[in-house]
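Working notes for the structure below.
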Ligand code: ACM
Ligand code: ZN
């Protein structure tokens, strides 16, 4: 790979792109001179050149004919430009594969294959813009970069400005966490973009956030907004923790007993009347709602990865299907554990997975498998028999047996199992993905051992990536939080590729994930407040090239100042950094 990490601005255009470059003059306009283009995440290579390209409602977004995914990328860009300009910008197919005067051309023709699945090149001249990438996903990300090169109005949010998603705000309790995320930004007549040449590709393929409606139910409209905001940060996976002890939130047609309550939609009057009811009530998503979410996310190149917890955190399942439990008393501290001894458990769980796979086309299906206590299993007749029959020496091995059966089942269906790092305890199936959240010595040893066997890993350590945790030591100024303190700086300085795994094979770490567990969440604006700006840090950790030494927090912080104007325009609630977040100059 020839792409190398370079400073943000004033880079020399690499020789291979030099032919495309107009005369080099950094910081074409006064405002850019002050701040630079302040892209988040930072691209691999960027050269700002003299001149400007002006986008108006008359500017066409053209895409090369014949690729439906390219049409999705173009439609998305055109729809955001329409919001910014307050008038319809048209996306249209074209036979052209090279710059079209006055237009934005999005194409895969003649792209540099080394840019991979999601990389792109973006060339803005005063006479037109070309976004070229080997795959439509890369073209989409080139479009996001173009939006960031433009003034912040380019981030005006469809959800809040136009009500297009039908989303309604929760009643906002007091600040600061619950400032309603309403965009006050008005449309502008034109968007002036500096001429630039950018070449960019992500460091990691899995760039994710996790959201937890099992603990705090989010409406489908809120999930859609959340997905939209991920896309604006070049994040490409939303893991949804649909089930836990507290709730089961997915309709399963074969087992209606799993979802005894009516589905809550955005228009539910109870929700607006009574927040307490809202938080305590059990709710679920219909399969049709979820399919609409998947389709919405797909247009933004975001994959929804469902997490259906098993064999632990499964009270939600056991309430509806008690025949999946052990023969012992299920009211004790070990409630929430499925019985891996009974064959009925596998039958029911597989039937459930069949419906999940129907709704979610994701290659990756998360089964949780964390924090299993296993003590009931020692007493259960079915579990004891299973261990004897299968020659399993411990309940830990029984856990491994359960996970491997699930991995086999998913594999048979053409999918790949993902689980929390406990799946490594008694050996995960080759090809599965372990999501590493623990940092104790035992877990580290298991991860190291698994890496030696070629195990793929996503890094989500609670020490850096749990964004429901406090984000400031000034707790008196924060909404009630949980866990440790993960400041913006800490989130930014996270390095997902540990040296010991890098020595084995750096490609084993396929990505990074930030988690927004739901227990302490009060409202959707609160969720956003916990997410941003730490997700801005995470998106850069996940996308931008590995730093030569440490990440430059001060430089990121300067860019973030500009990026906040984009978040304001999008109506994305976020925590304003305070004195403790400021870089020490
Ligand atoms: C977890 O925090 N138990 C994944
Ligand atoms: Zn059992």
**Q.** Rough spin-label spacing in nm, given labels placed 7 Å along Cα→Cβ, for residue 253 and residue 117
**A.** 3.0
Q: Let me know the shape class of the stretch 373-456, please: from the alpha-carbon gyration tensor, a ≥ b ≥ c as square roots of the eigenvalues, rounded when a/c is under 1.5, otherwise prolate if a/b is greater than b/c, or oblate.
A: oblate
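Exposure proxy check: 125, 56 ranked by fewest other beta carbons within 10 Å?
Working: 125 19, 56 15.
Taking fewest neighbouring Cβ atoms as first place, the list is 56, 125.
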Q | Within the stretch 424-458: backbone nitrogen closer than 12 Å to the residue 363 label point (7 Å, Cα to C-beta) | A | 432-433
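Under the rule a/c < 1.5 gives rounded, and otherwise a/b versus b/c splits prolate from oblate, where does the stretch 319-429 land using the Cα gyration tensor?
Working: a/c = 1.81, a/b = 1.43, b/c = 1.27.
Prolate.
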**Q.** Label zone at residue 448, where the point sits 7 Å out along the Cα-to-Cβ direction: the stretch 477-517 residues whose backbone N lies under 13 Å
**A.** 498-504
Q.
Just to verify a number: FRET efficiency for residue 565 and residue 88, C-beta to C-beta distance, R0 = 25 Å, to 0.05?
A. 0.55
(Q) Quick check: from the Cα gyration tensor, does the stretch 452-585 come out rounded (a/c under 1.5), prolate or oblate? (A) prolate
Q. So for the pair residue 441, residue 52, with labels modelled 7 Å out along Cα→Cβ, what separation do we get in nm?
A. 6.2
**Q.** Kirkwood Rh, angstrom, the stretch 404-451 [1 / mean 1/r, Cα pairs]
**A.** 11.0
Q: Under 14 Å from a label point 7 Å along Cα→Cβ of residue 482: give me every residue in the stretch 211-249 with its amide N that close.
A: 211-217, 241-247
Q. What is the spin-label model distance, in nm, from residue 370 to residue 396 if the labels are put 7 Å beyond Cα along the C-beta direction?
A. 2.0
Q.
With 10 angstrom as the radius, rank 222, 397 by how many other C-beta atoms surround their C-beta, starting from the fewest.
A. 397, 222
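Every number here is computed from the coordinates shown, using simple stated rules; none is lab data. These numbers come from a predicted model, not from an experiment. Because the Cβ atoms are built from the backbone with ideal geometry, glycine has one as well, and the counts that use them run over all protein chains shown.
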